[in-house]
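Take a look at the structure set out below.
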Amino acid sequence: MAWEVVIGLEIHVQLATRSKIFSGASTRFGEAPNTQACAVDLALPGVLPVLNEQAISHALTFGLAIGAELGKRSSFDRKNYFYPDLPKGYQITQFAHPIVGRGAIELVLEDGEQLTVGITRAHLEEDAGKSLHENMHGLTGIDLNRAGTPLLEIVSEPDMRNAKQAVAYFQKIHALVKYLRICDGNLNEGSMRCDANVSIRKPGEKKLGVRTEIKNLNSFRFLEKAINFEIGRQTEVLENGGSLQQATLLYDADKNETRPMRSKETSEDYRYFPDPDLLPVLISQEIIDTLKSRLPELPEARRQRFEKMPGLSSYDAARLSEDPDIADYFEAVVEQSKLTKLSANWVMGELSALLNRLDLPIEKAPVSAQQLGQLVARISDNTISGNIAKQIFEDLANNPNVAVHIDDIIESQNLGQLNDKNALNDIVEQVIDDNPVQAQQYRDGKIKILAYLVGQVMKQSQGKANPKEVSALLLTKLGSL
Amino acid sequence: MDPFSSLETLRSGLDSGEFSSVELAKHYLARINKYNPQLNCFITIPEAEALQQATKADALIAKGNSGVLCGLPMALKDIFLTRGILTTCGSRMLENFIAPYNSTVAEKLAGSGMVCLGKTNMDEFAMGSSNENSHYGAVRNPWNTEYVPGGSSGGSAAAVSAALVPVAAGTDTGGSIRQPAAFCGISGIKPTYGRVSRYGMVAFASSLDQGGAFGRCVQDVALLLSGMGGHDPRDSTSADHDMQDIHALATGDDKGFTLGNKKITIGLPKEYLENLDGAQLQAVYETARNIFETQGVQFREVSLPHTSVAVPTYYVIAGAEASTNLSRYDGVRYGYRCKDPQNLEDLYVRSRTEGFGDEVKRRILTGTYTLSVGYYDAYYVKAQKVRRLIANDFSEVFKDVDLLMTPTTPSHAFKLGQLTKDPVEMYQQDIFTTPASLAGLPCLSVPCGTINGLPLGLQLIAPHFEEALLLKTGYLFQQHSDWHTQYPEPGAL
């Protein structure tokens, strides 16, 4: 039997603020446990929350970018439950009046299909600390460094119908928040985590099926695998005549399976009520206008702009605009080289491969955008061959020196392409003399042997000869005999 | 040196060199050591720190650059965090809690050069109207030690009443300054919600908690309040309202406390008078009215129709907020932890069961109940709506009158143990104090007579941020009455 899959995502985005949402403690990642937690984060008696303005403007920026209704009067509520990594015994969140209301995201899927995913709301809240179980000798350690880190929880409508769509949506949000510079997007540091609500129903059925919620997925791959596993599990249960229970699940990547999560409190009653320590947040039109005027170019606009660049395919444009840092790098390369397609090929080809190999983000690329631009320009004007360019690129990758100009490398190492007709002539004649058998084969009609002769000339010139010139010269010489 | 002196007298003694701040501190510390065993006003008496502060104050006074409060002794309710000093909030839960930071109030008063002689006893987490809910034992009323001093700031009130300190800071959520001030025959102010920072003040009910001041006379109350109040960026509910008028009063720049040519009208809410307990109290109240009338004050009967539902409304809201404010006491990071917890659940359950007293547990339970799914709308939401109606009642009458006058309490102090068996009867003690708390209004209680040798209080209620008017009117009353100059019978101590 065919089933229709219904998926909605809740994405938690850690907002890029210097201090926490309600305290002055730093949000830096990776510090020693409990060194980034102040009296407020520890929930000492008598402490009070003070809202971080930056978190508010980040949330509003997101709302503006998705064309959402903005909560001109939003407020904070307490969500009550006991857990050791939640020091106050309640989480401050926005339950009744979120800062961002309805909006939507447009997706273009791999096959070109378009999909609109509705955003129900996005609200601000504080992150909890972490419970540590490794190396604790059977005890549980509590690290409150993360406690109070600002989160924007983005809740989607159940508009996705398969795991690929869900991944595309997650990727889109990931790109968007990076573009807006409201999140660093580091998935492996937990900067974005997502909960997937999955249910299945018979096609045509209006009512949603019983849903399960898979918690805390922090990679695109795990999201896809977890959803697919869960669809399979639900299908199997229903097709065997069983019934599903609404549940909260964890995805175990090692075993590729979902399993029920330990409940945080036996009762699910969070006793939400307005936090009396915080006043409602009123947003003026002036603030909204200011933030609007500061919105950067969004991924979609940039993609369209790239698509209009000479020689770029829509695939090129999409890939280059995905990540704002890559897009910035690409544009810097083009600015230097004045060449769009060749620059695109190098960014998506050699550079991307190098970064993957070294596991580096583009901000830490060992070859600067200016250098790559110079390199591309020198290939284009025949100063160097493609092979020499790759050699220079590799050398720079191994011994980074962003200060050096590519022309200086070419000059100091004498890597310039051999374009001098007389010099080339000598090499070509020498090669023909040294390879009489092959030369004769060519004259007898075995045209393919030309490539061998070209190769020999390149070898003789240590790769510096201009291959086009070499071919032309060879043809002239061999033909004229 | 008369321990019952006003701050003004002590100030001139310090400035003229009649005595030093250290001598003053020692004088009061001697009284504390003498009378505290009977009265149990203090939980902690940090003598060494107090004498250090006094020494510093003397140096400032000698240099001539001291402020009006410099070198004067005071006490803080044990709800205000004081860095390096035990801060228990009257609870076993915090029996080992040495505060790692200063509350804004403690910091401001220390910054003004005041000398903190002790942390005063209180009902556990400020929950109570008799001071019998303290883990550190009940406080006794200096006027008659068989009687309660009122609560929850009973330690502060009794300490000022017995002149163990000239002034003390307290907090008032539903009457916790005004009621003990009335029971102990002293003056006490609960300012407008937001006047005094709540930062570092252990939270009971966040939307109601407000720090305030006790003194024997209105001027002393004004002086202490001027040192405590003001906007604090660390408290988001702190009012961004200047303290100029209160400072002016306290420093005497405003031609003293006189109302000048201002003709004031005081409203008498009829709903409060209907609840007066007996003819004697009626008579006391009438006398107070006559004193004002001879000074040209007009009176008008007014109506606050939602008065009767203030107590249940207050207990729903305060309980709900308390139930979550007290969730942080879980035995994990600080405070009381049960012996040998077997697992997380056991750690939570036993630490909280053993660390909290009965009244605190009662309020956590009722508060949790009123916030639960299925009850939230019927209790919490409804209480918030009624709270709005109560606040509207006040806004309406303040269109016609400048102030309101009511009794502070329905009767004088009751005996220790008299109401402990009946929590609801105990809650009814707050009938005259909770409405203004729900509306966030400033209130002053001044002594206005005695019955059976026990003091009574007169409550004045003003519109938001009209503390100066409140204090001036209280001053007018004290200019023409002498109850604030009466002391507990020496034999009682």
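The values are calculated or read from the model by the stated rules, or taken from the named source; none is laboratory data. Since the structure is predicted, the reported quantities are computational estimates derived from the model, not experimental observations. Don't worry about glycine lacking a Cβ; one is built from the backbone with ideal geometry, like all the others, and counts go over all protein chains shown.
Points worth noting:
- Boolean, A:THR93 is surrounded by fewer than 21 Cβ atoms within 10 Å (Cβ to Cβ), at pLDDT 95 or above and over 30 Å from B:ALA322 (Cα atoms): no
- Counting only residues that are in a helix (DSSP H, G or I) and either aromatic (Phe, Trp, Tyr) or touching a residue at least 40 places away in the same chain (Cβ under 8 Å) (or both), the stretch A:459-481 holds 7 of them.
- So A:ASP269, is it within 14 Å of chain B (Cβ to nearest Cβ), over 24 Å from the mean Cα position of the chain (by Cα) and surrounded by fewer than 18 Cβ atoms within 10 Å (Cβ to Cβ): yes
- Residue in the stretch A:210-232 that is at positive phi, away from chain B (no Cβ under 14 Å) and not hydrophobic (A, V, I, L, M, F, W, C) present: yes
- For the stretch B:275-296, a residue qualifies if it is surrounded by fewer than 17 Cβ atoms within 10 Å (Cβ to Cβ), under 10 Å from B:PRO410 (Cα atoms) and within 26 Å of the chain's Cα centre (by Cα), and the qualifying residues are B:ASN275, B:ASP277.
- Checked against (1) crowded, with 21+ Cβ neighbours inside 10 Å; (2) touching a strand residue (DSSP E or B) at 6+ places or on another chain (Cβ under 9 Å); (3) more than 30 Å from A:GLU106 (Cα to Cα), A:ALA55 passes all but a single condition, namely (3).
- Of the numbered criteria (1) within 14 Å of another protein chain (Cβ to nearest Cβ); (2) without any contact (Cβ under 8 Å) to a residue 60 or more places away in the chain, the one B:LYS77 fails is (2).
- Residues being small (Gly, Ala, Ser) and in contact with a helix residue (DSSP H, G or I) (Cβ under 9 Å, 6 or more places away or on another chain) - total across the stretch A:334-362: 4
- Hits in the stretch B:1-34 (condition: part of a helix (DSSP H, G or I), without any contact (Cβ under 8 Å) to a residue 40 or more places away in the chain and not basic (Lys, Arg)): B:THR9, B:SER12, B:GLY13, B:SER16, B:VAL22, B:GLU23, B:HIS27, B:ALA30, B:ASN33
- Criterion applied to B:PHE432, B:PHE465, B:PHE414, B:PHE477 was being within 30 Å of B:GLY256 (Cβ to Cβ) and either surrounded by fewer than 23 Cβ atoms within 10 Å (Cβ to Cβ) or not assigned by TED's automatic domain parsing to the domain that holds B:ASP245 (or both), and the one residue passing it is B:PHE465.
Residues are listed down the side, and each one gets a yes or a no for (1) within 13 Å of chain A (Cβ to nearest Cβ); (2) in contact (Cβ under 8 Å) with a residue 24 or more places away in the chain; (3) surrounded by 20 or more Cβ atoms within 10 Å (Cβ to Cβ):
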{"site": "B:GLY90", "(1), (2), (3)": "yes, yes, yes"}
{"site": "B:MET93", "(1), (2), (3)": "yes, yes, yes"}
{"site": "B:SER103", "(1), (2), (3)": "yes, yes, yes"}
{"site": "B:LEU109", "(1), (2), (3)": "no, yes, yes"}
{"site": "B:VAL115", "(1), (2), (3)": "no, yes, yes"}
{"site": "B:THR120", "(1), (2), (3)": "no, yes, yes"}
{"site": "B:PHE125", "(1), (2), (3)": "yes, yes, yes"}
{"site": "B:SER134", "(1), (2), (3)": "no, yes, yes"}
{"site": "B:GLY137", "(1), (2), (3)": "no, yes, no"}
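- The helices (runs of 4 or more DSSP H) found entirely in the stretch A:344-444 that carry 2 or more residues being in contact (Cβ under 8 Å) with a residue 60 or more places away in the chain are A:386-398.
- Across the stretch B:437-493, the qualifying residues are those that are in a strand (DSSP E or B) and among the hydroxyl-bearing types (Ser, Thr, Tyr), and the one among them that is farthest from the chain's Cα centre (by Cα) is B:THR450.
- The criterion of at least 2 residues that are within 30 Å of B:GLY194 (Cβ to Cβ) is met, among helices (runs of 4 or more DSSP H) falling completely within the stretch A:204-313, by A:285-293.
- Residue ID - nearest to B:ASN325 (Cα to Cα), chosen from residues in the stretch A:1-52 that are among the acidic types (Asp, Glu) and not in a strand (DSSP E or B): A:ASP41
- Restricting the search to strands (runs of 3 or more DSSP E) fully inside the stretch A:108-171 and requiring at least 2 residues that are farther than 30 Å from A:GLU53 by Cβ gives A:114-126, A:130-132.
- Positions within the stretch A:437-460 being surrounded by fewer than 18 Cβ atoms within 10 Å (Cβ to Cβ) and either within 20 Å of A:ILE410 (Cα to Cα) or touching a Lys or Arg at 6+ places or on another chain (Cβ under 8 Å) (or both), in sequence order: A:LYS459
- For B:GLY267, the criteria (1) over 21 Å from B:PHE398 (Cα atoms); (2) more than 14 Å from every other protein chain (Cβ to nearest Cβ) hold in every case but one, which is (1).
- Only residues that are out of contact with any Asp or Glu (no Cβ under 6 Å at 6 or more places or on another chain) and away from chain A (no Cβ under 14 Å) were counted in the stretch B:315-339, giving 2.
- Here the stretch B:340-354 is the region considered, the condition is being away from chain A (no Cβ under 13 Å) and assigned to a helix (DSSP H, G or I), and the residue that is surrounded by the fewest Cβ atoms within 10 Å (Cβ to Cβ) is B:THR353.
- Residue match in the stretch A:285-308 (condition: of a type outside the set (S, T, N, Q) and within 14 Å of chain B (Cβ to nearest Cβ)): no
- The set of residues in the stretch B:221-243 that are within 14 Å of chain A (Cβ to nearest Cβ) and polar (S, T, N, Q) comprises B:SER236, B:THR237, B:SER238.
- Candidate set from the stretch A:32-87 (those that are within 11 Å of another protein chain (Cβ to nearest Cβ) and of a type in the set (Ser, Thr, Tyr)); member that is nearest to A:LEU124 (Cα to Cα): A:TYR81
- Those residues of the stretch B:172-220 which are in a strand (DSSP E or B) and either over 14 Å from the mean Cα position of the chain (by Cα) or within 11 Å of chain A (Cβ to nearest Cβ) (or both), in sequence order: B:MET201
- Failed item, numbered, when A:ALA59 is tested on (1) more than 30 Å from A:GLU236 (Cβ to Cβ); (2) assigned to a loop (DSSP other than H, G, I, E, B): (2)
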